[in-house]
Amino acid sequence: MKLILAIVSSDDSSMVSSALTKNSFSVTKLATTGGFLMSGNTTFLIGTEDENVEKAISVIGEHSKKRKQMVPSSASYGVGMYTSFPVEVTVGGATIFVLDVEQFKKL
């Protein structure tokens, strides 16, 4: 048995959740915040048999897309002088961890 931790953008959360449920995966959703852009994410906890891991990853990948976003940045031009300018970054997609489960009990 495996535990899949999948971190996706909140923008894609409902589509990923619906697709996983539609494909018979049991899913727990946690609201989380990313460290880089401090943006909202959803972390999915999915327990599944070893042979279903690739299918779950495929479903997540189909419904969590990368996209470009402009974010403010600043540069220093001497002591106390700053200017702000936008920088394009890639956001979205999914970060997935697959962990071995030693024991599973449903009480």
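Below, the figures for the structure above:
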{"read-out": "Which listed residue, of 89, 59, is within 25 Å of residue 11 (Cα to Cα) and modelled with pLDDT under 70", "value": "89"}
{"read-out": "Of all residues making up the range 1-45, the number that are outside any strand (DSSP E or B), within 27 Å of residue 103 (Cα to Cα) and under 13 Å from the mean Cα position of the chain (by Cα)", "value": "2"}
{"read-out": "Pair list, Cβ under 9 Å, 6 or more apart: the range 39-50 residue on the phi > 0 side of the Ramachandran plot and of a type in the set (Asp, Glu), other residue surrounded by 20 or more Cβ atoms within 10 Å (Cβ to Cβ) and modelled with pLDDT under 95", "value": "none"}
{"read-out": "Residues of the range 1-45 satisfying the condition of being hydroxyl-bearing (Ser, Thr, Tyr), touching a Leu at 6+ places or on another chain (Cβ under 8 Å) and loosely packed, with under 15 Cβ neighbours inside 10 Å", "value": "28"}
{"read-out": "Every residue from the range 19-28 that is hydroxyl-bearing (Ser, Thr, Tyr) and in contact (Cβ under 8 Å) with a residue 24 or more places away in the chain", "value": "none"}
{"read-out": "Qualifying residues in the range 46-66 (those that are among the hydroxyl-bearing types (Ser, Thr, Tyr) and surrounded by 15 or more Cβ atoms within 10 Å (Cβ to Cβ)) - the one farthest from residue 101 (Cα to Cα)", "value": "64"}
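The values are calculated or read from the model by the stated rules, or taken from the named source; none is laboratory data. Here the structure is a predicted model, which is why all the values come from computation and not from measurement. Heads up, the Cβs are rebuilt from the backbone with ideal geometry, glycines too, and the neighbour counts pull from every protein chain shown.
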